[in-house]
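Undergrad: There's a structure below that I have some questions on.
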Amino acid sequence: KWQYFRRELVNLQTWVVPWELRIKEIESHFGSAVASYFIFLRWLFWINCVISLILIIFVAAPEILTADAKEAGDRKTMPPDEMIKSKHLLTLWEFEGIIKYSPFFYGWYTNKDSANGYRMPLAYFLANLAVYTYSFVAILR
């Protein structure tokens, strides 16, 4: 019974790890060198997920929840003359239009503390420091 349980646990682990079965299939057809490339891509994907989560939790979400568009002035409100072409493909391709006035754009974030005491400049600095530290540690592992 113990061996059966261990085998089922290993099978469950194969199902839980994303793309494990696909990578095993690629490895069986093309060899371990090609499979290692996809394992590396999976590793990069997870690093990017963690980095995105850090930045969303500590920078983007507080700014979106506590931002005051009137206080920010021109950074968060789109002028009417730009609104006409704001959703055209070429405008979006050049990261202008609605993207320029969204949280995707660096200039959208305030450099002041919020009314509830959240210090956005410090949070931005510490979140980026955490991202760089995590990247460094993940690469060294």
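The values are calculated or read from the model by the stated rules, or taken from the named source; none is laboratory data. Bear in mind that the values here come from a model prediction, so they are computed numbers and not experimental data. In this analysis, Cβ positions are derived from the backbone assuming ideal geometry, glycine residues included, and neighbour counts consider all displayed protein chains.
Undergrad: Among the residues of segment 67-86, is any farther than 24 Å from Ala127 by Cα, touching a Phe, Trp or Tyr at 6+ places or on another chain (Cβ under 6 Å), aliphatic (A, V, I, L, M) and modelled with pLDDT of 75 or more?
TA: yes
Undergrad: Considering each residue of segment 1-34, count those that are within 17 Å of Trp46 (Cβ to Cβ) and either charged (D, E, K, R) or modelled with pLDDT of 90 or more (or both), and give that number.
TA: Here the count works out to 3.
Undergrad: Given the conditions (1) touching a residue at least 12 places away in the same chain (Cβ under 8 Å); (2) out of contact with any helix residue (DSSP H, G or I) (no Cβ under 8 Å at 6 or more places or on another chain), which single one is not true for Pro62?
TA: With respect to (1) touching a residue at least 12 places away in the same chain (Cβ under 8 Å); (2) out of contact with any helix residue (DSSP H, G or I) (no Cβ under 8 Å at 6 or more places or on another chain), Pro62 is out only on (2).
Undergrad: Check whether at least one residue in segment 1-13 is surrounded by 11 or more Cβ atoms within 10 Å (Cβ to Cβ) and in a helix (DSSP H, G or I), and report yes or no.
TA: no
Undergrad: Same structure, new question: Consider segment 18-31. How many of its residues are surrounded by 11 or more Cβ atoms within 10 Å (Cβ to Cβ) and either touching a Leu at 6+ places or on another chain (Cβ under 9 Å) or of a type outside the set (D, E, K, R) (or both)?
TA: 6
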